[in-house]
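See below for the structure under consideration.
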Ligand code: ADP
Ligand code: ADP
């Protein structure tokens, strides 16, 4: 079963007098253990699609299902809860807090949850991404690739269904980008998450299971390996 599903999603923005149709009847799905990459030129609707998949904004038309549940008409509070427990986010510029150590950054999204030993889980995740010897370092003491690995560990702390990555290799050189993509490929299986990446970086397609090409808000092509 698909963990995330968009069905006939339309997203319109009102910009003064003008209506911009950023997504035009988009169908999309991703499964656990799968990496799906959404690729397209600037202005094609990638960020808008990411906002839909990440439950950050409501569609104008169509429906969204998360893990089989229709979340289209959820309230803002309900969506916030779904995001917190179901979706991990990774960004181009890492979004780490500079005053906190790697371990504290990874723990942060689970602060509300008192039922787990989040310190142990944070340390375990950092070990899993190869940073077992960098636990007490702050972001400023880490390379770009290491910072992105901290961010990936952080995105997994609440055991999400989906890891949503916005240009995850955008601020990294090619070799480091490949290391991060290899890491993601391993984690999608170990953590049994769907990884959905949004990018214009063709390099990412070497690592993906499925490619969705979008142009002017329309899906042009879906290819599965
Ligand atoms: P991409 O991420 O591929 O660059 P976006 O999803 O950001 O594309 O944008 C798709 C289209 O929707 C563009 O024409 C953009 O200008 C427009 N758009 C995106 N967000 C908004 C918004 N909040 N208000 C008005 N127009 C928007
Ligand atoms: P990026 O492609 O680097 O992720 P974008 O420029 O596509 O960033 O958009 C960043 C955010 O700004 C998006 O989440 C979108 O909602 C908003 N945005 C994009 N285009 C417009 C626009 N024309 N008017 C208002 N907001 C926009």
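In this simple spin-label model, placing a label point 7 Å from the Cα along the Cα-to-Cβ direction at both residue 15 and residue 136 gives a separation of 5.1 nm. The translational diffusion coefficient of segment 140-225, from Stokes-Einstein at 37 °C and 0.692 mPa s with a Kirkwood hydrodynamic radius over alpha carbon pairs, comes to 238 µm²/s.
Using a 10 angstrom cutoff on alpha carbons, build the Gaussian network for the chain and name the most mobile of 186, 84, 32. In this elastic network of the chain, the residue with the biggest mean-square fluctuation among 186, 84, 32 is 186.
Full extension of the chain between residue 159 and residue 200 gives 12.0 nm of extra length, using 0.36 nm per residue less the Cα-Cα distance. Helix 76-86 versus the longest principal axis of the chain: what angle, 0 to 90°, nearest 10, using Cα atoms? It works out to around 50 degrees. Label segment 119-164 by shape, choosing from rounded, prolate and oblate, from the square roots a ≥ b ≥ c of the eigenvalues of the Cα gyration tensor; if a/c is under 1.5 it is rounded, and otherwise prolate applies when a/b is larger than b/c, oblate when it is not. Judged from the Cα gyration tensor, segment 119-164 comes out oblate (a/c at least 1.5, b/c at or above a/b). As a calculated quantity, the FRET efficiency between residue 215 and residue 63 at R0 = 22 Å, using C-beta atoms, amounts to about 0.45.
Please give the contour-minus-distance gain from residue 42 to residue 95: 0.36 nm per residue of separation, less the Cα-Cα distance, rounded to one decimal in nm. Length gained, residue 42 through residue 95: 16.9 nm. What separates the Cα centres of segment 156-179 and segment 184-218 is a distance of 10 Å.
Given bins 10 angstrom wide, list per bin the percent of all Cα-Cα distances in the chain, short to long. The percentages, shortest bin first, are 8, 34, 36, 19, 4, 0.
Once the Cβ-Cβ distance of residue 77 and residue 175 is raised to the sixth power relative to R0 = 45 Å, the FRET efficiency obtained is 0.55. If I fit a long axis through the Cα atoms of helix 174-190 and take the longest principal axis of the Cα atoms of the chain, what angle between them do I get, 0 to 90°, rounded to 10? Tilt relative to the chain: about 90 degrees.
Per the helix-only calculation at 222 nm, which mean residue ellipticity applies to the chain, given -39500 (n - 2.57) for every DSSP H run of n ≥ 4 and division by its residues, nearest 500 deg cm²/dmol? Dividing the helical sum by the residues of the chain leaves -8500 deg cm²/dmol.
No value in this document is a laboratory result; all are computed from the given coordinates. Everything numeric in this text was worked out from a predicted model, so none of it was measured. For neighbour counting, all protein chains shown are included, and Cβ atoms are generated from backbone atoms with ideal geometry for every residue, glycine included.
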